Amino acid sequence: MKNKDFSLLSKQLGGVSRRDFMKFCTIMAAGMGLPLGMGEKIAEAVTNPRRPSVIWLSAQECTGCTESLLRSTHPTLDHLILDLISLDYHETLSTPSGHMAEEARRKAMSENKGKFILVVDGSIPTKDGGVYCMIGGKPVIDILKETAPQAGAIIAIGSCASWGGIPSADPNPTGATPVHQILKGTPVVNIPGCPASPYNFLSTVLYYLTFKKLPELDDLGRPKFAYGRLIHENCERRPHFDAGRFAIEFGDENHRKGYCLYKLGCKGPETFNNCPSILYGDVGSGSWPVGTGHPCFGCSEKGVGFHAPLHAVAKLHMVTPPDTYPHVVEQQGRGLTIAAAAVAAAAAAAAAGAAVVVAKKLGEEEGSGKSGKK
């Protein structure tokens, strides 16, 4: 990235230093599972003087995803989106309104055919000809079908656009439908969440700008770098789950101690997202449900959030509670502990004799009071 290119960018970003900007690009590369050297390519892409056109359609939604985007930082997303990307149409953020806004959309489509990024926020109503969401006198489903074929990339942001969200909950009176079902046969990137993480969205856009292609997606159209792991795997309360320490009722002693919320209906074990890893709004763990003491309700998972009962126990994927649990505080020098016995039992199928010998030796070392003493 040339210095003259960055001097203009620095002014747009409110005086951010080159060092901090490169650090941001490197972090974004790491967050997408790319080699750290890719940060330079991301920087070159976002400093390209030709800003990519973005058309943002709002269907049945609450504007929560837009609000989430506007509150992201390092650097602030409003600077990045409004200064580095040509946001040519957005009902909430556009300067023109009425027929002028619709003209801006049509002009952006015409001048950037096959190159613009189409972002869709909200579910698409299909009943009664789509009359439950009208924009400029036209059903949003018609606008979507008109705009999507001319886009270079399509991103469905939020759980409403990805799975149908709240509008599609029973009895679904408007026939709310996710974007990918309307555009069957067309690649659509799903960025679910209620609201969606701004960094998952931003990383996807930066990836597309840098490599001119979409990031690797899972079988539900989600970027693997963001939705490749269960929330349960990286949850701050996971050690309590493994130890068998659960809150049973809201406000009980275990709940106050910060124990696992699985038995209160936490959907982390069946929800794929990176919430515990990146959080929201850079305000710490209090920015997501589990951090505040409330179970994850699976807002980003298809068929879970807004469909499964809020406090129903989650279906476990790839992990089950062990048959025996360790003590909250293990007793030292008593031979095999419950935890050690469980480890030995799990290893028995592969190397039963070796596991028992190692476990016994560990118990003897604990009893000596000095690690490694023979």
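Residues to consider are THR186, THR174, THR92, THR126; find the one that is under 16 Å from TRP56 (Cβ atoms) and assigned by TED's automatic domain parsing to the domain that holds THR66.
THR92
Just one of the numbered conditions (1) over 22 Å from GLY228 (Cα atoms); (2) out of contact with any helix residue (DSSP H, G or I) (no Cβ under 6 Å at 6 or more places or on another chain); (3) among the hydroxyl-bearing types (Ser, Thr, Tyr) is not true of SER159; which one?
Here SER159 clears every test but (1).
Any residue at all in the stretch 55-65 that is among the β-branched types (Val, Ile, Thr), modelled with pLDDT of 90 or more and crowded, with 21+ Cβ neighbours inside 10 Å?
Yes, because at least one residue in the stretch 55-65 is among the β-branched types (Val, Ile, Thr), modelled with pLDDT of 90 or more and crowded, with 21+ Cβ neighbours inside 10 Å.
For PRO139, are the conditions met, namely being surrounded by 14 or more Cβ atoms within 10 Å (Cβ to Cβ) and either among the small types (Gly, Ala, Ser) or closer than 24 Å to PRO223 by Cβ (or both)?
no
Given the conditions (1) of a type in the set (D, E, K, R); (2) within 28 Å of the chain's Cα centre (by Cα); (3) surrounded by fewer than 20 Cβ atoms within 10 Å (Cβ to Cβ), report the number of the one that ASP88 does not fulfil.
Exception for ASP88: condition (3).
Identify all residues within the stretch 179-204 that are at pLDDT 95 or above, closer than 14 Å to TYR227 by Cα and either touching a strand residue (DSSP E or B) at 6+ places or on another chain (Cβ under 7 Å) or assigned to a helix (DSSP H, G or I) (or both); write none if there are none.
Correct list: VAL189, ASN190, ILE191.
Considering every residue within the stretch 111-121, establish whether at least one is closer than 22 Å to ARG51 by Cα and either free of Cβ contacts under 8 Å to residues at least 24 places away in the same chain or of a type in the set (Lys, Arg) (or both).
yes
Report, by residue number, each residue of the stretch 129-144 that is in a helix (DSSP H, G or I) and touching a residue at least 24 places away in the same chain (Cβ under 8 Å).
If the condition is that a residue be in a helix (DSSP H, G or I) and touching a residue at least 24 places away in the same chain (Cβ under 8 Å), then VAL140, ILE141, ILE143, LEU144 are the ones that fit.
In the stretch 227-253, what residues are in contact with a Ser or Thr (Cβ under 7 Å, 6 or more places away or on another chain) and surrounded by 18 or more Cβ atoms within 10 Å (Cβ to Cβ)?
Within the stretch 227-253, LEU230, ILE231 qualify.
Evaluate the stretch 158-168: report whether one residue or more is in a strand (DSSP E or B) and either assigned by TED's automatic domain parsing to the domain that holds HIS90 or touching a strand residue (DSSP E or B) at 6+ places or on another chain (Cβ under 8 Å) (or both).
Among the residues of the stretch 158-168, not one is in a strand (DSSP E or B) and either assigned by TED's automatic domain parsing to the domain that holds HIS90 or touching a strand residue (DSSP E or B) at 6+ places or on another chain (Cβ under 8 Å) (or both), which makes the answer no.
So which pairs qualify, if the first residue must be in the stretch 285-313 and within 17 Å of ASN274 (Cα to Cα) and in contact (Cβ under 8 Å) with a residue 40 or more places away in the chain, the second must be aromatic (Phe, Trp, Tyr) and in a loop (DSSP other than H, G, I, E, B), the Cβ gap must be under 6 Å, and the two must be at least 6 apart or on different chains?
Listed by first residue and then by second, the contacts come to GLY305/PHE297.
Does PRO269 satisfy being out of contact with any Gly (no Cβ under 8 Å at 6 or more places or on another chain), surrounded by 19 or more Cβ atoms within 10 Å (Cβ to Cβ) and either in the same structural domain as GLU301 (by TED's automatic domain parsing) or polar (S, T, N, Q) (or both)?
yes
Anything in the stretch 226-250 that is farther than 17 Å from GLU301 by Cβ and of a type outside the set (Lys, Arg)? List them, or say none.
Across the stretch 226-250, the qualifying residues are GLU236, PRO239, HIS240, PHE241, ASP242, ALA243, GLY244, PHE246, ALA247, ILE248, GLU249, PHE250.
Of GLY244, GLY251, which residue is without any contact (Cβ under 8 Å) to a residue 12 or more places away in the chain, assigned to a loop (DSSP other than H, G, I, E, B) and either under 20 Å from VAL313 (Cα atoms) or not assigned by TED's automatic domain parsing to the domain that holds ALA312 (or both)?
The unique qualifying residue is GLY251.
Could we say that SER94 is part of a helix (DSSP H, G or I), among the hydroxyl-bearing types (Ser, Thr, Tyr) and modelled with pLDDT of 75 or more here?
So SER94 does not fit the description; no.
Take the residues in the stretch 274-290 that are on the phi < 0 side of the Ramachandran plot and in a loop (DSSP other than H, G, I, E, B), then tell me which one is surrounded by the fewest Cβ atoms within 10 Å (Cβ to Cβ).
Filtering first and then ranking leaves VAL283.
Based on this model, can you work out whether PRO139 counts as in contact with a helix residue (DSSP H, G or I) (Cβ under 8 Å, 6 or more places away or on another chain) and modelled with pLDDT under 95?
no
For the stretch 145-157, enumerate the residues that are crowded, with 22+ Cβ neighbours inside 10 Å and part of a helix (DSSP H, G or I).
Result: no residue meets the conditions.
If we scan the stretch 68-77, do we find a residue that is of a type in the set (Lys, Arg) and modelled with pLDDT of 85 or more?
no
The values are calculated or read from the model by the stated rules, or taken from the named source; none is laboratory data. The structure presented is a predicted model; accordingly, all values stated were derived computationally and were not measured. When we count neighbours, we look across all protein chains shown, and the Cβ atoms used for this are built from the backbone with ideal geometry, even at glycine.
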